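Notes follow the structure.
The values are calculated or read from the model by the stated rules, or taken from the named source; none is laboratory data. As the structure is a prediction and not an experimental result, all values here were calculated from the model. Positions of Cβ are backbone-derived with ideal geometry, glycine not excepted, and every protein chain shown enters the neighbour counts. Surface accessibility is based on the protein's heavy atoms, side chains included, excluding ligands, DNA and RNA. Shrake-Rupley method; radii C 1.70, N 1.55, O 1.52, S 1.80 Å.
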Amino acid sequence: MTETDLSHEATDICDQLPDSADVEPAEIHDKLTTLVEDYQVPTDEARRSIMNNYLDDTNIDPDDGDMENQTVSISEIDKPEEWVDLTAKVVELWEPRSDAIGQVGLLGDETGTIKFTAWAKSDLPALSEGHAYHLQNLVTDEYQGQYSVKLNSTTTIEDRDQEIEVGDNSTELAGALVDIQQGSGLIKRCPADDCTRVLQNGRCSEHGEQEGDFDLRIKGVLDDGDTVQDVIFGKEETEAVSGISLAEAQERAMDALDTSVVTDDIQDATLGQYYRVSGPIMGRYLLVDEFERLGQMDDPDQILIRARSM
Ligand SMILES: [Zn+2]
């Protein structure tokens, strides 16, 4: 978002506020800049938050009824850029990999766990491992089907003296791998700190041109006869399910001067096979932690196995 865009946005917000709000675009612009640039709050949400603020101050009900945050359970988080409240326990704290991050770790409730990040600049009180909190005004985020929540300068933290039994959000599913999607096979990830985005034509959408680190994955579709589920096999699982190691895949691609030979190999080894997979559901993906090969689609004995497993 450029400076000009933010100015336009600020003027636009100002125009939409009632006169009773009595506010200049410059003031809105400052708030907008802080939220968007310093706290990385998505522009839409920053805009909503600022409008809410002024509407609250002037005691005018916004037309839009759903501006209040919802207290959600972790498994309900399935969209990025939403404002939510959570009651959760700090399951783990991790070492921040950048100075911009104040705290990073895992929050858990009865329905599962989710990564959280608190910005250093937000200057929030530190969360303690093992403690429960009611957290208000978090922004959800999504990266490669994995959701996280961001604490920001508008977040409030309340201690909760309660025991939270953290749930396991692992799901098990058996079905045929009916599709292997683009972005499967030998890929390159951005090597920048805390990034890991997949490079497109040698470029990271955030960090520009990069050498990149090789990785292997399968983005596939598992069909259990009833429904289809998007699944992701990470590096270890892809190596195990396809029988092709990352080193072999790199060699194959180098010989052929083409990474698509690896995707073809993986496809030959896995497409149309039956698997029982388990792992957490993150957004639209089941992230495969464990899998078991049940058989092949055109093998009648194995179709019985499949029928029994359903
Ligand atoms: Zn990057």
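Key figures for this structure:
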| read-out | value |
| --- | --- |
| Residue in the range 240-253 that is more than 16 Å from the ligand (Cβ to nearest atom) and modelled with pLDDT under 95 present | yes |
| Filter result (β-branched (V, I, T), open to solvent by 50 Å² or more (accessible area, probe 1.4 Å) and outside any loop (DSSP other than H, G, I, E, B)) within the range 1-44 | T4, T11, T34 |
| Number of positions in the range 185-210 that are open to solvent by 10 Å² or more (accessible area, probe 1.4 Å) and either polar (S, T, N, Q) or near the ligand (Cβ under 7 Å from one of its atoms) (or both) | 9 |
| Residues of the range 61-81 classified as modelled with pLDDT under 85 and open to solvent by 80 Å² or more (accessible area, probe 1.4 Å), total | 5 |
| Inter-residue pairs, beta-carbon under 6 Å, first touching a residue at least 12 places away in the same chain (Cβ under 8 Å) and in the range 188-203, second of a type in the set (S, T, Y) and more than 9 Å from the ligand (Cβ to nearest atom), 6+ apart | D193/S98; D194/S98 |
| Spans of strands (runs of 3 or more DSSP E) in the range 84-170 with at least 2 residues open to solvent by less than 40 Å² (accessible area, probe 1.4 Å), within 30 Å of C204 (Cα to Cα) and among the aliphatic types (A, V, I, L, M) | 101-109, 112-119, 132-143, 146-151 |
| Subset tally (residues that are open to solvent by 40 Å² or more (accessible area, probe 1.4 Å) and over 26 Å from T113 (Cβ atoms)) for the range 171-180 | 2 |
